[in-house]
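Here is the structure we will look at.
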Amino acid sequence: MTQIDEEFEAGNGVFQFERSGLFQRLQDGWTDMRASTRRLLREKPSEGRLLFYILVSDMVFFISWTLKTMVAPASAAGGIVGADKIGLLMIAALMLRTALMYGFSLLVFAVTSVFKGAADWKDTRTGVFWGAFVSAPFGLAAAIIAAVMGMYEPQMPILGNKIVALPVYWLGLIPFVWYIAAGTAEANKFRLTSPTFMAMTLFALALTVATLTLGVGDMIG
């Protein structure tokens, strides 16, 4: 099959026939995030499509934190979100988190522009939102692990130890940062992903420390 037969133009973008299902695209993102981002950028996705990606990520975020803090929380983390705040958590996931992701992508665009990145804000949003979508299953998997640990804590008290329990609660942050960094690096045509990943990791650590220091978890709970 020729290259012409494998691709077609629709609207302003170029699409491929092969592996066009959503789950196939997700698999491609897991194995080669930069290539999958490059493909998505060539398609010039609409804002509605990007919003779909981030809303799905929001819902997985909501389900993950519900599992970790209400369904089977470890005793070390049981007070992070109170059971009476489930509605507030959903609103935060669907509205506040979406707004924060738009703001974050704008910040990423501003910083990458300083380093002569090739992406405009739309391409930056594409890399960031696609990265959030691709990483979402890893966050859910970490939540399931945390929930299982919470269920078996009565039989194995060590699972309730903060040193053991709390790192699992933030385990999903690693793939989240990695895939967003890879998407951002590809959108900006940076040769390496690692500098972007390291910069975003430092930002995520600083934000996490600030959040814990300010006691946001206590305010929610």
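The values are calculated or read from the model by the stated rules, or taken from the named source; none is laboratory data. These numbers were taken from a predicted model, which means no experiment stands behind them. Don't worry about glycine lacking a Cβ; one is built from the backbone with ideal geometry, like all the others, and counts go over all protein chains shown. These area figures cover heavy atoms from the full protein model, side chains too; ligands, DNA and RNA do not enter into them. Shrake-Rupley method; radii C 1.70, N 1.55, O 1.52, S 1.80 Å.
Odds and ends about this structure:
- Which numbered condition MET70 fails, given (1) of a type outside the set (Phe, Trp, Tyr); (2) at pLDDT below 75; (3) closer than 24 Å to PHE138 by Cα; (4) not in a helix (DSSP H, G or I): (4)
- On inspection, ALA136 qualifies as under 12 Å from the mean Cα position of the chain (by Cα) and either part of a helix (DSSP H, G or I) or modelled with pLDDT under 95 (or both).
- Those residues of segment 160-195 which are of a type in the set (D, E, K, R) and surrounded by fewer than 24 Cβ atoms within 10 Å (Cβ to Cβ), in sequence order: LYS162, LYS189, ARG191
- Output for segment 143-183, where each listed residue is at pLDDT below 90 and of a type in the set (Gly, Ala, Ser): ALA143, ALA146, ALA147, GLY150, GLY160, ALA165, GLY172
- Any hit, segment 186-194, residues being modelled with pLDDT under 80 and in a helix (DSSP H, G or I): no
- Per the conditions (1) modelled with pLDDT of 95 or more; (2) over 14 Å from PHE129 (Cα atoms); (3) polar (S, T, N, Q), the sole criterion not satisfied by SER36 is (2).
- Selected residue (criterion: least open to solvent (accessible area, probe 1.4 Å)) from residues of segment 148-159 that are more than 11 Å from LYS68 (Cα to Cα) and of a type outside the set (A, V, I, L, M): GLU153
- Failed condition for ALA132, given (1) open to solvent by less than 40 Å² (accessible area, probe 1.4 Å); (2) of a type in the set (A, V, I, L, M); (3) more than 28 Å from PHE115 (Cβ to Cβ): (3)
- Residue list for segment 43-63, filter: more than 14 Å from ALA132 (Cα to Cα) and either exposed (fewer than 14 other Cβ atoms within 10 Å of the Cβ) or out of contact with any Phe, Trp or Tyr (no Cβ under 8 Å at 6 or more places or on another chain) (or both): LYS44, PRO45, SER46, GLU47, GLY48, ILE63
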